[in-house]
């Protein structure tokens with residue numbers, strides 16, 4: 001596999017919603033990792049797309065993350081595999097990026113199904129293990145194991161940020177350093 005490149009990747013925040021978050025195992029840490037990825041993507045002008053699973057029932061994106069999303073890039077959905085929703089599929093295709101860094105909830109449902117579907121379409125989904133959440137630790141473990149077994153890369157937040165940066169000593173590096181420390 002190759003490095004995650006800022007010029008060829010996009011970030012997808014999947015279903016980080018207010019009514020889901022309290023039920024997530026280690027939700028506060030996972031939320032913080034999602035925030036770091038969003039801040040990094042914004043600093044480096046990496047496109048961001050977000051989904052909300054049935055927002056009428058599960059609520060909107062967590063406010064701390066919603067504030068970091070570009071206008072018009074939050075898509076409501078009912079399908080678990082986000083890329084099978086026509087509006088989301090069109091948004092993703094419109095980016096013209098082959099790499100999709102995925103974070104959000106729930107690891108074993110919407111994140112897993114979205115990643116497997118993107119992989120099926122011959123795109124490159126990259127799941128950020130410490131920025132995806134599930135209600136139970138075993139669900140997260142099973143999801144990450146299944147993703148790896150199906151050829152989907154699993155990485156950490158720091159790996160993504162350092163690969164997006166590519167080098168130290170730049171203005172972008174200095175801006176993102178607080179997210180890494």
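When the stretch 84-95 is filtered for residues that are without any contact (Cβ under 8 Å) to a residue 40 or more places away in the chain and part of a helix (DSSP H, G or I), the ones remaining, listed by number, are 84, 86, 87, 88, 89, 90, 93, 94.
The condition of being in contact (Cβ under 8 Å) with a residue 12 or more places away in the chain and farther than 24 Å from residue 23 by Cβ holds for only one of 124, 136, that being 124.
Here is a yes/no grid of residues against (1) in a helix (DSSP H, G or I); (2) more than 13 Å from the chain's Cα centre (by Cα); (3) in contact (Cβ under 8 Å) with a residue 12 or more places away in the chain:
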{"residue": "41", "(1), (2), (3)": "yes, no, yes"}
{"residue": "52", "(1), (2), (3)": "no, no, yes"}
{"residue": "56", "(1), (2), (3)": "yes, yes, no"}
{"residue": "70", "(1), (2), (3)": "no, yes, yes"}
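The residue that is farthest from the chain's Cα centre (by Cα), among those in the stretch 118-147 that are in a helix (DSSP H, G or I) and exposed (fewer than 13 other Cβ atoms within 10 Å of the Cβ), is 138.
In the set 19, 33, which member is closer than 13 Å to residue 103 by Cα and touching a residue at least 40 places away in the same chain (Cβ under 8 Å)? Of the residues listed, the single one that is closer than 13 Å to residue 103 by Cα and touching a residue at least 40 places away in the same chain (Cβ under 8 Å) is 33. Screening 28, 76, 16 for residues that are surrounded by fewer than 17 Cβ atoms within 10 Å (Cβ to Cβ), touching a strand residue (DSSP E or B) at 6+ places or on another chain (Cβ under 6 Å) and modelled with pLDDT of 95 or more leaves exactly one candidate, 76.
The values are calculated or read from the model by the stated rules, or taken from the named source; none is laboratory data. Everything quoted here is computed from the prediction, not taken from an experiment. Note that each Cβ is placed from the backbone with ideal geometry, even for glycine, and that neighbours are counted across all protein chains shown.
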